Structures are given as structure tokens and as C-alpha cells.
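Enquirer: Got a structure for you, questions after.
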Amino acid sequence: MSAVLAEAPVPKTAPVAQEAALVLLGTGVVGGAFLKLLCTPVAKRLHLVGAANSRKQQIEAAQLAARDLRERLKREGAPRDDAALLSALDEHHATLKVIVDATASGDLASRHADWLARGYHVVTANKSLAGGHLSGWRALQAARAAGGRYGDSATVGAGLPVLSTLRRLCDCGDSLLTLEGVFSGSLSYLFNTYDGSRPFSELLGEARKLGYTEPDPRADLSGEDVARKLLILARNAGFALGSDEVIVESLVPESLRDISTETFLARLEELDEPLAALHEAARERGHVLRFLARLNQRGRARVGITEVPLTHPAARLYGTDNQFALTTTRYHTQPLVIQGPGAGPEVTAQALLGDILALG
Ligand SMILES: NC(=O)c1ccc[n+]([C@@H]2O[C@H](COP(=O)([O-])OP(=O)(O)OC[C@H]3O[C@@H](n4cnc5c(N)ncnc54)[C@H](OP(=O)(O)O)[C@@H]3O)[C@@H](O)[C@H]2O)c1
């Protein structure tokens, strides 16, 4: 048996069959990891014809090939102008023209549907369109129905196979009944680690230094990012939820909301007492705290801190794990659970690459 296994061919990721020309929007953490992947053999049929950060862009081949493209773009390049980037795509001989959005810009996301309608493919880590206003989601669905290809694997679970699985189930006539889980790597880390022995603020400061949270941790603690992911999943399962229909229980008290990042970081300790009280109350019942996203059978959606018993799947998470428990018409006795690291530039960039390769 072992000899047979040893001789089994090593599976290879098939490179995209067709040549693809790419424009990369966003050269931050994820965009930088994506640029590294473009230098690997699986990307040999992908041609970067433009790259941009929020202020500068580059379409010169020699500049785009520079190893320090990200750093160069911080100092030099042409001013931002989408038209020049789209022209670079149009002028390339490749059949597939792909816009890769590795930003969090709502402004750029609002152009996705238009780009699809104009014949470009869009591959994105940016949740602002699919997880934003319902009108934006509907515009996206219309563009998809007209043939636009939208790669969104990186928007939820940093590329864990959640959206693809959900769509596959729905394509087979299955229906999502309920959805529950931990959709944020940073909040997962914080509550998997918080045991009341140290102040929450201390843990948060450490998580920030490790790069697990946004520079302003309120972006994570507000629950808004989790709410966008819940909306994306719910909408893909056929729930036409408006962005105002998700109840979001922020971990940031009112008094810490409208202040500068610097002041917030200086007042982190104000988070400690309320969380310690919740933790203690949960501990007395033999429970733990988790920041859960939930969608029930009637389409009610909520994200916020919840006590769960130790037997709950979310109580058994590690590090920055995400978890998605899908109860469907056919997975109704036990949910289908997808779990794994749900943050990180390399896996997110890989999800973008995977979506591009799938276009060919
Ligand atoms: N980091 C992760 O682990 C992770 C995981 C899953 C999904 N995501 C998603 O991936 C996206 C990028 O995250 P990130 O961590 O890479 O963020 P980041 O490091 O802050 O990078 C964002 C990049 O977008 C650029 N940008 C902003 N507006 C732009 C515009 N109008 N045109 C072109 N570029 C623009 C920024 O330019 P400047 O440098 O000039 O500001 C920056 O280069 C976000 O939507 C995030 O939610 C991230």
C-alpha cells in the first residue's frame, strides 16, 4: 500500500489556462503578499499591468517588475487615475482583464459593478460592496447575472472555503437555515486568550503589537467588520438583508467612540471593568465569552458578545481561528462546520490568486 501511495503523482495547481492581465489596487499588507505570489511559478501566465495605492499608481513595465514596488509607490508614480489603469488592461493582449481590489475603500467598491458591466473581472478582498448597502449588493447581482465574474473568496474567512461551499450547497438545492460562528480573527484571538487573569486592555495592546488587530482596534471591536461578513454570507444564501438589519453590539462604549486613535489607545483600560464583569458572570456558569455572528431561520442577524458553554464548538477555538457553522435543509442534525485561521496576509492573498486562476 505504501509503495502505491509513494508513487501517486503529486497534484499540481493548474496555472490559469488563459493569459490574464491584472491591475492591483492596494499595496498594503494583503496587496504586498499578493505581489510576492505573482513572482511564483503558478502565476506565470498572469501579467501585472498596473498597481496603485491611495495616492500613486504605476503602469510602467520596468517599475512594476521592481522588487520594491510597494515602497516605490509610496514615494513615486503617477497620481491616481482609474482611467489610465483600465487603459493598461485594455491594451494588453491577454484575454482575461482582471481588477484585483486589495483595499477597504468604499469608493472603489462602488465601482465594482460598473467594471463588471464593462467586461473586466473583479477579484476582491474588499467587503464594502457585497457587505454594504443592499442597493450595492443588488447592482452586483445584476452585473453577475449579466455574466460578470466576481472573485470574493478573500472577503470572508480570509479564503477559508466558506462562500464556495455555501454557493455549492445552494446550487444543489440545499437551503441555509441558520448560520453561527466567529468571523473575526482578531476577536477570536482576544476571546480565546482572555481568561480574566490579566486585564483585557493588556491583551488588546499585545494583540495590536502582533498585528492581529487594525492599527485602531475599534475597527475590530465595533463588530462592523463581522456584520459585513455576516451580510455577505446571508445574501449569498438568499437572505436579502439590508445593512441596517444586522443588530451590532459594539464592544466600544459610547464614551470611547468619537475620540482620536491616540486618545482611545491611552484610555484602553476603560474596557476592562465591563468585560471582567461579563467574564466573571460567564465563568460562574461554567461558560466562556465569544464574539459570535448569528443568523436565524427568520433572517434575524446579530453580532455581539455571547456566553457559550464549554461544549459549544466556538468554545474550542485556537489563535485567530474563524468558525462557520452552517445548518441547512440537508445538514440539519449537525451543522456543517468550517474552521481554520481566518486572518493573515498570505492566506488572503492566496484566496485572491485562487479566484484569478479559477477565471481561466
Ligand atoms: N490583513 C488581513 O489579514 C486581511 C484578511 C482578510 C481580508 N482583508 C481585507 O483586505 C483588504 C486590505 O487589507 P490590508 O490589511 O492589506 O489593508 P492595508 O494594509 O491598510 O492596505 C490597504 C491598501 O489600500 C490602499 N488604498 C486605499 N484606498 C485606495 C484607492 N482608492 N486606490 C488604490 N489603493 C487604495 C492603501 O493605500 P495607502 O498605502 O496609500 O494608504 C493601502 O495600500 C481590506 O478590505 C481587508 O478587510 C485583510
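Enquirer: In the list SER201, SER243, which residue meets the criterion of being in contact with a Leu (Cβ under 9 Å, 6 or more places away or on another chain), within 18 Å of GLN141 (Cβ to Cβ) and of a type in the set (S, T, N, Q)?
Expert: Only one candidate qualifies: SER243.
Enquirer: Return the pair list, or none, for Cβ contacts closer than 8 Å from residues in segment 64-75 that are within 16 Å of VAL30 (Cα to Cα) to residues that are assigned to a helix (DSSP H, G or I) and among the small types (Gly, Ala, Ser), at least 6 apart or on different chains.
Expert: ARG70/GLY31; ARG70/GLY32
Enquirer: Sort out which residues of segment 310-338 are within 16 Å of the ligand (Cβ to nearest atom) and either modelled with pLDDT of 95 or more or on the phi < 0 side of the Ramachandran plot (or both), and write them in order of number.
Expert: THR320, ASP321, ASN322, GLN323, PHE324, ILE338 - these are the residues of segment 310-338 that are within 16 Å of the ligand (Cβ to nearest atom) and either modelled with pLDDT of 95 or more or on the phi < 0 side of the Ramachandran plot (or both).
Enquirer: Of the residues that sit in segment 71-81 and are surrounded by fewer than 17 Cβ atoms within 10 Å (Cβ to Cβ) and in a helix (DSSP H, G or I), which one is nearest to the ligand (Cβ to nearest atom)?
Expert: LYS74
Enquirer: Mind counting the residues in segment 1-52 that are surrounded by fewer than 20 Cβ atoms within 10 Å (Cβ to Cβ), of a type in the set (Ser, Thr, Tyr) and either at pLDDT below 95 or within 16 Å of the ligand (Cβ to nearest atom) (or both)?
Expert: The qualifying residues number 2.
Enquirer: A follow-up question, please. Within the bounds of segment 53-67, is there any residue that is assigned to a strand (DSSP E or B), more than 8 Å from the ligand (Cβ to nearest atom) and more than 21 Å from GLY106 (Cβ to Cβ)?
Expert: Residues of segment 53-67 that are assigned to a strand (DSSP E or B), as a first pass: 56-58.
Filter once more, so that each one left must be more than 8 Å from the ligand (Cβ to nearest atom): 58.
This time we only want the ones that are more than 21 Å from GLY106 (Cβ to Cβ), so: 58.
Yes, there is a match, as at least one residue in segment 53-67 is assigned to a strand (DSSP E or B), more than 8 Å from the ligand (Cβ to nearest atom) and more than 21 Å from GLY106 (Cβ to Cβ).
Enquirer: Can you tell me how many residues within segment 109-131 are within 12 Å of the ligand (Cβ to nearest atom), among the hydrophobic types (A, V, I, L, M, F, W, C) and farther than 18 Å from ALA351 by Cβ?
Expert: Quick first cut of segment 109-131, residues within 12 Å of the ligand (Cβ to nearest atom) only: 109-111, 123-131.
Still in the running and among the hydrophobic types (A, V, I, L, M, F, W, C): 109, 123, 125, 129-130.
When the remaining residues are screened for being farther than 18 Å from ALA351 by Cβ, the result is none.
Of the residues in that region, 0 qualify.
Enquirer: Here's a follow-up. Identify the single condition in (1) crowded, with 16+ Cβ neighbours inside 10 Å; (2) in the same structural domain as LEU292 (by TED's automatic domain parsing); (3) assigned to a helix (DSSP H, G or I) that ARG167 does not satisfy, given that it satisfies every other one.
Expert: (1)
Enquirer: Taking segment 295-320, which residues are closer than 23 Å to VAL246 by Cα, touching a helix residue (DSSP H, G or I) at 6+ places or on another chain (Cβ under 8 Å) and in a strand (DSSP E or B)?
Expert: Passing the criteria: LEU295, ALA301, VAL303, ILE305, GLU307, VAL308.
Enquirer: Taking helices (runs of 4 or more DSSP H) that fall entirely within segment 213-270, which contain at least 1 residues that are modelled with pLDDT of 95 or more and over 20 Å from the mean Cα position of the chain (by Cα)?
Expert: Those helices (runs of 4 or more DSSP H) span 261-266.
Enquirer: Is there a residue in segment 220-234 that is surrounded by fewer than 16 Cβ atoms within 10 Å (Cβ to Cβ) and over 18 Å from ASP321 (Cα atoms)?
Expert: For segment 220-234, residues surrounded by fewer than 16 Cβ atoms within 10 Å (Cβ to Cβ) and over 18 Å from ASP321 (Cα atoms): absent.
Enquirer: Those residues that are farther than 15 Å from GLU180 by Cα, among the acidic types (Asp, Glu) and in contact (Cβ under 8 Å) with a residue 12 or more places away in the chain, I need them from segment 278-322; list them, please.
Expert: Listed by number, the list holds a single entry, GLU280.
Enquirer: Could I ask something else about it? So ALA282 ticks every box in (1) over 30 Å from LYS36 (Cβ atoms); (2) touching a Leu at 6+ places or on another chain (Cβ under 6 Å); (3) part of a strand (DSSP E or B); (4) not hydroxyl-bearing (Ser, Thr, Tyr) but one. Which box is left unticked?
Expert: (3)
Enquirer: Now a separate question. So LEU134 fits all but one of (1) modelled with pLDDT of 95 or more; (2) within 15 Å of the ligand (Cβ to nearest atom); what number is the exception?
Expert: (2)
Enquirer: Which of the residues belonging to segment 137-152 are within 16 Å of the ligand (Cβ to nearest atom) and either touching a residue at least 60 places away in the same chain (Cβ under 8 Å) or more than 21 Å from PHE34 (Cα to Cα) (or both)?
Expert: Our first condition is that a residue be within 16 Å of the ligand (Cβ to nearest atom); within segment 137-152, this holds for 140, 150-152.
Hits for segment 137-152 are LEU140, GLY151, ASP152.
Enquirer: Moving on. Out of the residues in segment 82-132 that are touching a Ser or Thr at 6+ places or on another chain (Cβ under 8 Å), in a strand (DSSP E or B) and of a type outside the set (A, V, I, L, M), which is nearest to ILE356 (Cα to Cα)?
Expert: Selected residue: THR124.
Enquirer: Quick test of your reading of the structure: GLN334 fulfils all but one of (1) out of contact with any Pro (no Cβ under 9 Å at 6 or more places or on another chain); (2) assigned to a strand (DSSP E or B). Name the failing condition by number.
Expert: Of everything listed in (1) out of contact with any Pro (no Cβ under 9 Å at 6 or more places or on another chain); (2) assigned to a strand (DSSP E or B), GLN334 misses just condition (2).
The values are calculated or read from the model by the stated rules, or taken from the named source; none is laboratory data. As the structure is a prediction and not an experimental result, all values here were calculated from the model. Note that each Cβ is placed from the backbone with ideal geometry, even for glycine, and that neighbours are counted across all protein chains shown.
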